[in-house]
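Report on the structure given below.
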Amino acid sequence: MPIYSISHVENVRVCVVMVGLPARGKSLIAQKIVRYLSWLSIKSKCFNVGNYRRLIATDSPITAEFFDPQNQDGLEVRQEAVDRAIQDMMKWFSDENGVVGILDATNSTRERRQAILRLCRENLIEPIFLESWCNDYELILQNIADVKTTSPDYQNKDLDFATQDFLQRIKYYEQYYETMDVSTDPDLTFIKLVNVNSQIILNRIESYLESRIVYYVMNLHIKPRSIWLSRHGESEYNLTGQIGGDANLSERGWRYAKKLPDLVLKSLGEENKHTNLTVWTSTLKRTQQTASFLPYNRKLQWKALDELDAGECDGMTYEEIEQKFPDDFKARDDNKYEYRYRGGESYRDIVIRLEPIIMELERQENILIITHQAVLRCLYAYFMNVPQEESPWMSIPLHTLIKLEPRAYLTLVSRIKADIPAVSTYKEKGTSQLGEQKDGNYLKSRDLINDSEMHKLENQAK
Ligand code: ATP
Ligand code: F6P
């Protein structure tokens, strides 16, 4: 039976029109929305007008003067760039059944926004304007240093030059920028973020999909933080190859639990060793036992973090499932993301129940989550943008702590192994035998990388 998402039910198409002066976090917000909606199986894509502009104006390096409102050539290139982006977005809506398209540009004037509004209405697309308004000069300088001075616009340019030139670019934009306001735009659907999320103004949010986007954006913050992920220590069921259940830790699993505080401290580093983490576990014994030696007072249990419910197969080994339910066994291998155990759950079901966890994770700062193989794959897929047909096949070994550090356009990953042996619970496609994946693509150990490498990666990702 096909499973419908909310976009099918409502049959809506939404265009999120970003609005804001340069260096206000528009691209970052746009990319996060695309990642979040894609994770929920809602087809989404970002159309970044800056990239179109760079494709059109290739002959000379761009300086602030290009953005001077008196510069006629600059104005023409910029108009062409936005026209092309909109054209591609409309084509994507119609030819590829896109559901949420994001037009990532400054969209600075009311006139430009009215033109986009008309076009959306003609094409039966709901426009929602998303303005990031910010007058915190320190933050803007920080944003320029973090992402703008290393942008392709300033390749091989001196840092000071890039900073000053970008500030001048902002000044040109300020000459004609028109902010959004309930009094001037009473009929528009919009969300306005003021100084990140110190104030949020909402106007005429109507459909369910719009409200999901709004709620997500309202929860975002930009404070630096890390998220630690770990599976529970090896359990007695893991030793016998049984899935599901509510078993205790094995002797090696307890050793991992005892070592976990030390692994966390190591990953925090000397200067942050007093950081207070909040620990989230599932309601199952093995995750709580794994958390029991952690010296943090705030430990919360979430039912939503419980392992994939294997229904009638709970407590069986994969070999037993293959013998007793061969068709199910094959169906699961053929489409592991969609396959729902008899009387149990699919990976898609887990993603749906994890949505509140993701919302809360976006709001929170440093969190350590101790959960289970399937749930961890889904969480990891959200942060690392792993496509859903691949995520259920990711290798996430036992006795390994994963640290995620969200940065402007990517998430850094480091993996800390406990050096305590554990069985493998990984089953490759086409077999019922357990054994580690030959090519563990997603979780290859990666050292924390230095800042300049990080900028390079961030810009590639952009
Ligand atoms: P441009 O118009 O030049 O493309 P932009 O508005 O798209 O700029 P980004 O490239 O997304 O800006 O800037 C990313 C930086 O903005 C990051 O350092 C991020 O921490 C910061 N940021 C994210 N959200 C916000 C916000 N709501 N307000 C201000 N800064 C933000
Ligand atoms: O064996 C560990 C386990 O957490 C099971 O309880 C669960 O059913 C399974 O992993 C999920 O992994 P997969 O989806 O690869 O079968």
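The residue of the range 37-75 that is farthest from ligand 1 (Cβ to nearest atom), among those that are more than 30 Å from E96 (Cα to Cα) and small (G, A, S), is S60. Scanning for something in a helix (DSSP H, G or I), aromatic (F, W, Y) and touching a Gly at 6+ places or on another chain (Cβ under 9 Å), does the range 50-69 turn up at least one residue? Within the range 50-69 (the criterion being in a helix (DSSP H, G or I), aromatic (F, W, Y) and touching a Gly at 6+ places or on another chain (Cβ under 9 Å)), the answer is yes, since at least one residue qualifies. The set of residues in the range 107-140 that are more than 14 Å from ligand 1 (Cβ to nearest atom), outside any helix (DSSP H, G or I) and surrounded by fewer than 13 Cβ atoms within 10 Å (Cβ to Cβ) contains only L124. Taking the conditions exactly as written (touching a Pro at 6+ places or on another chain (Cβ under 6 Å), away from ligand 1 (no atom under 16 Å from the Cβ) and at pLDDT 95 or above), does Y337 satisfy them or not? Taking the combined requirement at face value, the residue satisfies it.
Can you confirm whether Q323 is polar (S, T, N, Q) and over 19 Å from T431 (Cα atoms)?
Values: polar (S, T, N, Q): yes; over 19 Å from T431 (Cα atoms): no.
Judged against the criteria, Q323 is not a match.
With respect to the numbered conditions (1) of a type outside the set (D, E, K, R); (2) surrounded by fewer than 20 Cβ atoms within 10 Å (Cβ to Cβ); (3) touching a Leu at 6+ places or on another chain (Cβ under 7 Å), which one is the sole condition not fulfilled by G343? The one condition G343 does not meet is (3).
Collect the residues in the range 262-296 that are part of a loop (DSSP other than H, G, I, E, B), more than 16 Å from ligand 2 (Cβ to nearest atom), modelled with pLDDT of 95 or more and farther than 18 Å from S250 by Cβ, keeping them in residue-number order. Steps first, please.
Step one: list which residues in the range 262-296 are part of a loop (DSSP other than H, G, I, E, B), which gives 269, 273-277, 282-284, 292-296.
Retained after the next criterion (residues that are more than 16 Å from ligand 2 (Cβ to nearest atom)): 269, 273-277, 292-296.
If we keep only those that are modelled with pLDDT of 95 or more as well, we get 277, 292-296.
Hits for the range 262-296 are L277, L294, P295, Y296.
Looking at L410, L398, L379, just one residue is within 16 Å of ligand 1 (Cβ to nearest atom) and either at pLDDT 95 or above or crowded, with 17+ Cβ neighbours inside 10 Å (or both), and that residue is L410.
Looking at V147, is it surrounded by 13 or more Cβ atoms within 10 Å (Cβ to Cβ), closer than 20 Å to S27 by Cβ, among the β-branched types (V, I, T) and modelled with pLDDT of 95 or more? Judged against the criteria, V147 is not a match. Quick check on Y318: is it farther than 20 Å from R231 by Cα and touching a Ser or Thr at 6+ places or on another chain (Cβ under 6 Å)? Judged against the criteria, Y318 is not a match.
The helices (runs of 4 or more DSSP H) found wholly in the range 320-399 and carrying at least 3 residues that are among the aromatic types (F, W, Y) occupy 373-384. All told, R231 falls short of being touching a strand residue (DSSP E or B) at 6+ places or on another chain (Cβ under 9 Å), touching a residue at least 24 places away in the same chain (Cβ under 8 Å) and over 17 Å from I370 (Cα atoms). Which one is farthest from ligand 1 (Cβ to nearest atom), of the residues in the range 190-216 that are of a type in the set (A, V, I, L, M, F, W, C) and surrounded by fewer than 21 Cβ atoms within 10 Å (Cβ to Cβ)? So the residue we want is I205.
The values are calculated or read from the model by the stated rules, or taken from the named source; none is laboratory data. Remember, it's a predicted structure, so these values are computed and weren't measured experimentally. Note: ideal-geometry Cβ built from the backbone for every residue, glycine included; neighbour counts use all protein chains shown.
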